Amino acid sequence: MKVTVFGTGYVGLVQGAVLADIGHQVLCVDVDESKVAALQAGRIPIHEPGLDTLVIHNQRLGRLQFTTNAADGVAHSELIFLAVGTPPDEDGSADLQYVLAVAKTIAQHMNGPRIVINKSTVPVGTADTVAAVMAQGLAERGVQHRFDVVSNPEFLKEGAAVADCQRPDRIIIGTDNPASEAKLRELYAPFNRNHDKIVVMDVKSAELTKYAANAMLATKISFMNEIANLAERLGADVEAVRRGIGSDPRIGYHFIYPGAGYGGSCFPKDVKALIHTAKQVDFEPLLLNAVEERNQAQRNVLFERISAFYQGKLRGKTVAVWGLAFKPNTDDMREAPSRNLMEALWAAGATVQAYDPVAMQEAQRIYGERPDLKLVESPLAAVQGAECLAIVTEWQIFRAPDFELLAQTLSDRVIFDGRNLFDPALPASHGLGYVSIGRPAIEPR
Ligand code: UDX
């Protein structure tokens, strides 16, 4: 089948490459000329395991192409994916300008029936808005063509995007139109062989499903962070509590890891957007408000621990930071807790020596040259000359450090661990202080 994808970000690029890989003819359209030129030359703008080989392989086979020409994109196929960004507005609502701009473009160029499939995370009711924009565009041209707007949300995780997209847990198709449903079933048939993963529903429910899934996961994390704060004050160990509750299959082990707060391009944005949507229909979302509030507070917890250890006197201190990306296997620093930590440390007069396996360039892009940020080339280089170490991202490379060497190198002999990577007995056995999340703190010896 022929498929067009508007937007070559995480969702669009991965979706396009995965659809090409099963044999569809995919044309990806983006307004960013330098990005499209890079993709045409086989350079992938994001770090995502397996994505570069998938893109290059399918490009060579002629099944995956990139263009900035929107008219070509609209002409290419009856099936058009919308996978452009929906960044948060100042008030937390999702900014739909890119989605609606593509809707307008499609109406300007379409010369036959089209099925517009929305993959971007958009507020409930957006499919109707997209349809209205398209109807207006067609009316302005004085032409009539059949079209349908379908909601087909994406559930991929960064760092595992290709694998998630190739093996989805479920494929949500939001449409009341049996013809559109049949087309999408055909498109997704190769992903749907062993058991039926397709769930068909009305458009609005599909749009809400995406927000509900992310809000549920964010709720689990904020809940656990709340328990961690309690555990700490009560002298309990949240890791024991986590294992204790996770063993109940109704609760499960997933997404109950306490930490420095959730970040990334989805949870913070989507929880805020759902709160905004609720308020628009005069509903006060008490639980979602609390999830968001706990997360805001949680992102400061690591800094608060460091500040308390130094009794607020951080001026002139050098803090090693391990991990900048919002989670492992990505270079994405959007809403990353590392940013809250570093910015608070700088405001308090400290210097940061940071290392991340892949997000160094991204940090450089965000912060540029500044005297209080040194981006160094290894975990060890980060701790050289530092008073203490803060761990923000749970990259594999940080999981088994040489504690003896850390004890000799860090002048204040203390680790602040925002991801609970170690059994506290380990650093302690080398005389290191160890302050983690929701567990009793250990003083340096
Ligand atoms: C998320 C959803 O998982 C995915 O289904 C959706 O399509 C997009 O949003 P992503 O943002 O890529 O994916 O990352 P995810 O692995 O879900 O982690 C999100 C954040 O939650 C990270 O900051 C992570 O560190 C944090 N987290 C996750 C915790 O703090 N504790 C946990 O137990 C799990």
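Results, tabulated for the structure shown:
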item	result
Top of 200, 149, 74 by mean-square fluctuation, Gaussian network on the chain, Cα under 10 Å	200
Relative contact order for the stretch 154-270, counting Cα pairs under 8 Å that sit 6 or more residues apart, in percent	22 percent
Built amide H within the under 5 Å cut-off of residue 171, gap 5+	198, 199
Computed helical MRE - 222 nm, the chain, DSSP H runs ≥ 4 contributing -39500 (n - 2.57), nearest 500	-13500 deg cm²/dmol
Where labels lie 7 Å past Cα in the beta-carbon direction, separation of residue 300 and residue 89 in nm	2.8 nm
Estimated Rh, the stretch 120-247: Kirkwood, alpha-carbon pairs, angstrom	17.8 Å
By average C-beta atoms within 10 angstrom, highest first, the peptides 259-268, 435-444, 396-405	259-268, 435-444, 396-405
Choice from 192, 152, 295 with maximal GNM fluctuation in the chain (Cα, 10 Å cutoff)	192
Amide H contacts under 5 Å for residue 414, placed H, 5+ residues apart	389, 433
For residue 94, residues with placed amide H under 5 Å, excluding near neighbours	89
Rounded to the nearest 20 debye, dipole of the stretch 299-435 from Cβ charges on Lys, Arg, Asp, Glu	340 debye
The chain - percent relative contact order, Cα under 8 Å, separation 6 or more	12 percent
Förster radius 56 Å - calculated FRET efficiency between residue 369 and residue 247, Cβ distance, rounded to 0.05	0.70
Segment residue 293-residue 361, extension gain: residue separation times 0.36 nm, minus the distance between their alpha carbons	21.4 nm
Over the stretch 176-305: Kirkwood hydrodynamic radius from C-alpha pairwise inverse distances, Å	17.2 Å
Furthest towards positive pole of dipole, 345, 429, 375, structure part the stretch 299-435, Cβ charges	345
Sparse-neighbourhood loop sites, trypsin sites (Lys or Arg not before Pro) in the stretch 250-311 - DSSP loop, at most 16 other Cβ within 10 angstrom	250
Residue 236 versus residue 445: modelled label distance in nm, points set 7 Å from Cα along the beta carbon direction	2.9 nm
Sites residue 400 and residue 280 - FRET efficiency at Förster radius 51 Å, r taken between beta-carbons, to 0.05	0.55
Proportion of all alpha-carbon pairs of the stretch 1-108 beyond 16 Å (%)	55 percent
Paramagnetic reach from residue 384 in the stretch 408-445 [backbone N under 20 Å; point 7 Å along Cα→Cβ]	408-414
Globularity index of the stretch 293-445, i.e. its alpha-carbon radius of gyration over 2.2 N^0.38 Å	0.94
Whole-angstrom Cα spans of the stretch 56-187 along principal axes, big to small	44, 43, 32
Positive dipole terminus of the stretch 2-201, leading residue within 59, 11, 130 (C-beta point charges)	59
D_trans [Stokes-Einstein, Kirkwood Rh over alpha-carbon pairs] for the chain, 37 °C, 0.692 mPa s, µm² s⁻¹	139 µm²/s
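Taken together, the values in this text are just the output of simple stated rules run on the coordinates, not laboratory data. Quantities reported herein were computed from a predicted structural model and do not represent experimental measurements. Cβ sites come from the backbone with ideal geometry, for glycine too, and all protein chains shown count toward neighbours.
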